[in-house]
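Structure record follows, encoded as structure tokens.
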Amino acid sequence: MAELKTVLITGASRGIGREVARLFALSGYRVAIHYHERADLAQTLYDELMGKGCETMTVGADIADASQVCGMVAAVEERLGGIDVLVNNAAISHYKLFDEITDEEWKNVFAVNVEGMFYCCRSVLPGMIRRKNGAIINISSIWGITGASCETAYSASKAAVIGLTRALAKEVGPSDVRVNCVAPGVIDTDMNALVDEEALLELKALTPLNRLGTARDIAQTVLFLASPAASFITGQVISPNGGLVI
Ligand code: NAD
């Protein structure tokens with residue numbers, strides 16, 4: 001088995017984050033399962049992984065709050081040791097015509113999707129830089145690359161994630177910290193619960209591999225980027241999207 005390492009995954013109580021946490025745990029990592037409101041879901045994952053002999057913990061925080069993020073990182077480092085891998089997965093979606101978006105909605109999307117990521121990176125980086133070892137994987141979206149109609153705030157926030165990834169990779173590369181980005185295509189999770197069935201079928205039909213992605217598809221990409229197999233990869237954006245080009 002590979003050397004045990006500690007990973008913190010934000011938004012791991014459900015969806016993509018939950019599967020990322022599961023895959024890392026089963027691959028021998030010590031896993032901090034972060035949740036926002038659903039402590040109950042985080043607990044069921046914790047129970048499942050502990051039952052399989054994995055080393056894990058749950059930790060709650062609103063990532064849009066810098067002080068809560070500091071508390072989260074301190075709690076993980078105390079319980080599981082220095083964080084070697086950070087997976088910035090937590091985010092919110094937002095659907096609205098552009099001219100109907102309120103100031104508050106716009107700010108809220110950026111507070112979670114961009115500032116939350118900034119706070120998480122800022123809190124874990126001192127330890128990674130001191131140890132001269134670390135990997136950060138930021139979850140963007142295909143819409144951060146191509147843009148999506150009626151998802152301007154979300155698309156802009158996910159484009160910001162790509163900019164943050166590329167700039168930070170240059171800055172911390174000399175400290176042996178790698179920063180990469182995964183920009184998933186359309187993945188079958190709760191986040192798409194509000195997207196109507198017809199639109200999802202259309203997106204599936206536009207996808208050369210003729211299916212929506214699964215949380216597992218994304219988890220495998222994230223695990224690869226954290227692994228020694230990706231040791232010369234930084235500042236990159238990988239889009240597991242079944243070949244969807246829009
Ligand atoms: P999801 O809605 O199931 O999960 C999002 C997670 O973020 C939840 O666990 C939620 O608790 C957490 N979160 C939201 N606000 C938070 C806050 N203020 N503080 C802390 N945590 C908060 O969605 P998902 O589909 O699993 O998405 C995971 C990631 O993948 C997101 O970054 C999303 O933008 C991205 N993504 C998803 C798709 C898709 O089709 N599902 C496509 C491209 C990118």
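List of remarks:
- If you go through segment 167-193 and keep only what is among the hydroxyl-bearing types (Ser, Thr, Tyr) and more than 7 Å from the ligand (Cβ to nearest atom), you end up with just Ser175.
- Where Ser231 falls short, out of the listed (1) surrounded by fewer than 20 Cβ atoms within 10 Å (Cβ to Cβ); (2) polar (S, T, N, Q); (3) under 19 Å from Asn89 (Cα atoms): (3)
- Segment 169-191, residues that are part of a helix (DSSP H, G or I) and either crowded, with 23+ Cβ neighbours inside 10 Å or free of Cβ contacts under 8 Å to residues at least 12 places away in the same chain (or both): Glu171, Pro174
- In segment 194-215, the residues that are touching a residue at least 60 places away in the same chain (Cβ under 8 Å) and either within 8 Å of the ligand (Cβ to nearest atom) or crowded, with 19+ Cβ neighbours inside 10 Å (or both): Ala215
- A search for C-beta distances below 6 Å between a residue of segment 148-162 that is β-branched (Val, Ile, Thr) and any residue that is in a loop (DSSP other than H, G, I, E, B) and at pLDDT 95 or above, counting only pairs 6+ apart in sequence or on different chains, returns Val161/Ser140; Ile162/Ser140.
- Among residues of segment 10-35 that are under 25 Å from Leu212 (Cβ atoms), those with a beta-carbon under 6 Å from a residue that is among the charged types (D, E, K, R) and more than 7 Å from the ligand (Cβ to nearest atom) at least six positions away or on a different chain give the pairs Ala12/Arg18; Glu19/Arg216.
The values are calculated or read from the model by the stated rules, or taken from the named source; none is laboratory data. Because the structure is predicted, anything quoted here is derived from the model rather than measured. Reconstructed Cβ throughout: ideal geometry from the backbone, glycine too, with neighbour counts over all protein chains shown.
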